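Okay, so here's the structure we're looking at.
The values are calculated or read from the model by the stated rules, or taken from the named source; none is laboratory data. Quantities reported herein were computed from a predicted structural model and do not represent experimental measurements. Glycine gets a Cβ as well: all are built from the backbone with ideal geometry, and neighbour counts include every protein chain shown.
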């Protein structure tokens, strides 16, 4: 069986790339395709040194730095990928690669990190945070994103079977495409975190400091609780906001970027890990649980799959007041067992991911779903930029 693995683009190693890494551990002889591949040589280890077969976007002017600016061409680029020789296609998709064309007899299994966010329910948030939602520019972007949304929904039918990375994303697939999916949570390197039963009297949070992670929100909450210590690790566009809050609050230690060993030590010793983002899944809460550390999380998104009443609690709003209330409720509870946290984290191990994904692929192949006829479409009507 000839297998192709697709990934939207390759430029870094993050959560989606962890999934890609483990797909290749299951299918080491598969070929890799991507819209662009700008990974530096020293970071290619997670894909075994492979170089992806890429689309024409790779060769456009200034693509290395600005390939995202070619978003209007992405649907056309993915539809021009020639995958006729493959029996099985596995896509790791958060943008457009799930829309690849298939022929009759091919099986396409999509591991969906999310339907393309800025074309669906996060469009206005995307426009407001980028400052591109006003005037003629905003109108043109909304027009294009509407066309992209139409293309995304239409080409969703090409996929034989969807795998969602959480129940939250399974619902989004249902809402956007009207299709069902199988939930297989992404792999977490739980083996890299040791169970710590001796906790110290501080709370901890860490993340890339981008707006949706809500790190300033957590800092603001602890600034209102001067008797409770917070340690923050991370860097990014919102670092200045976090630093400004920490400078005025003697109970907040902002450490900026730190190596993994320092992050892991704080994760293990913290009284609890505080998580305010609405994530598709959320790797860091599981890493905290693997350390035996309870999680206090925003009660929407993928955290609902990983955090249980035995391992943490939720707050209902992304406000400082809600976080303060959650901290107070947490401290009134009976002690959460570090062993229970670790046991919960093991449900998301790399081994379980590989076992479940391979079993799902085998089940789809044996079900005969691949015998369905691929839809015939005209190329000039498939791309949002045609017309």
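Inspect the stretch 182-191 for any residue being part of a strand (DSSP E or B) and under 29 Å from residue 292 (Cβ atoms) and give the result as yes or no.
First, pick out the residues of the stretch 182-191 that are part of a strand (DSSP E or B): 182-183, 188.
Those still in the list that are under 29 Å from residue 292 (Cβ atoms) too: 183, 188.
Yes: one or more hits.
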### Summary
Those helices (runs of 4 or more DSSP H) completely within the stretch 210-287 that have 2 or more residues that are without any contact (Cβ under 8 Å) to a residue 24 or more places away in the chain and farther than 17 Å from residue 323 by Cα are 239-248, 260-269
### Query
Do we find that residue 68 is under 22 Å from the mean Cα position of the chain (by Cα) and without any contact (Cβ under 8 Å) to a residue 40 or more places away in the chain in this structure?
yes
### Matching residues, the stretch 168-181, being crowded, with 16+ Cβ neighbours inside 10 Å and assigned to a helix (DSSP H, G or I)
168, 169, 170, 172, 173, 176, 177
### Task
Kindly establish whether residue 27 is at pLDDT 95 or above, under 15 Å from residue 93 (Cα atoms) and buried (at least 16 other Cβ atoms within 10 Å of the Cβ).
no
### Task
Within the stretch 319-333, identify whether any single residue is within 25 Å of the chain's Cα centre (by Cα) and assigned to a loop (DSSP other than H, G, I, E, B), and answer yes or no.
yes
### Task
Restricting attention to the stretch 49-66, report how many residues are over 26 Å from residue 101 (Cβ atoms) and either surrounded by 11 or more Cβ atoms within 10 Å (Cβ to Cβ) or outside the structural domain of residue 29 (by TED's automatic domain parsing) (or both).
1
### Message
Given the condition touching a strand residue (DSSP E or B) at 6+ places or on another chain (Cβ under 6 Å), in a helix (DSSP H, G or I), within 18 Å of residue 342 (Cα to Cα) and modelled with pLDDT of 95 or more, answer yes or no: does some residue in the stretch 291-307 qualify?
### Response
yes
### Query
Residue check, residue 203 against (1) without any contact (Cβ under 8 Å) to a residue 12 or more places away in the chain; (2) within 20 Å of residue 275 (Cβ to Cβ), all met but one. Which one?
(1)
### Task
Take residue 342 and decide whether it is touching a helix residue (DSSP H, G or I) at 6+ places or on another chain (Cβ under 9 Å) and over 19 Å from residue 218 (Cα atoms).
yes
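Checking the structure you have, find out if any residue of the stretch 85-108 is surrounded by fewer than 16 Cβ atoms within 10 Å (Cβ to Cβ), within 25 Å of residue 360 (Cα to Cα), at pLDDT 95 or above and in the same structural domain as residue 167 (by TED's automatic domain parsing). First the steps, then the outcome.
Here is the first cut: in the stretch 85-108, the ones surrounded by fewer than 16 Cβ atoms within 10 Å (Cβ to Cβ) are 85, 87, 103-105.
Of the ones still in play, those that are also within 25 Å of residue 360 (Cα to Cα) are 85, 87, 103-105.
Subsequent filtering for residues that are at pLDDT 95 or above retains 85, 87.
If we keep only those that are in the same structural domain as residue 167 (by TED's automatic domain parsing) too, we end up with 85, 87.
Scanning the stretch 85-108 turns up at least one residue that is surrounded by fewer than 16 Cβ atoms within 10 Å (Cβ to Cβ), within 25 Å of residue 360 (Cα to Cα), at pLDDT 95 or above and in the same structural domain as residue 167 (by TED's automatic domain parsing).
What about residue 302, is it at positive phi and buried (at least 20 other Cβ atoms within 10 Å of the Cβ)?
no
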### Task
Might you let me know whether the stretch 52-63 holds any residue that is in contact (Cβ under 8 Å) with a residue 60 or more places away in the chain, in contact with a helix residue (DSSP H, G or I) (Cβ under 6 Å, 6 or more places away or on another chain) and in a loop (DSSP other than H, G, I, E, B)?
no
#### Entry: Residues (within 16 Å of the chain's Cα centre (by Cα) and surrounded by fewer than 19 Cβ atoms within 10 Å (Cβ to Cβ)) located in the stretch 193-223
208, 210, 211, 212
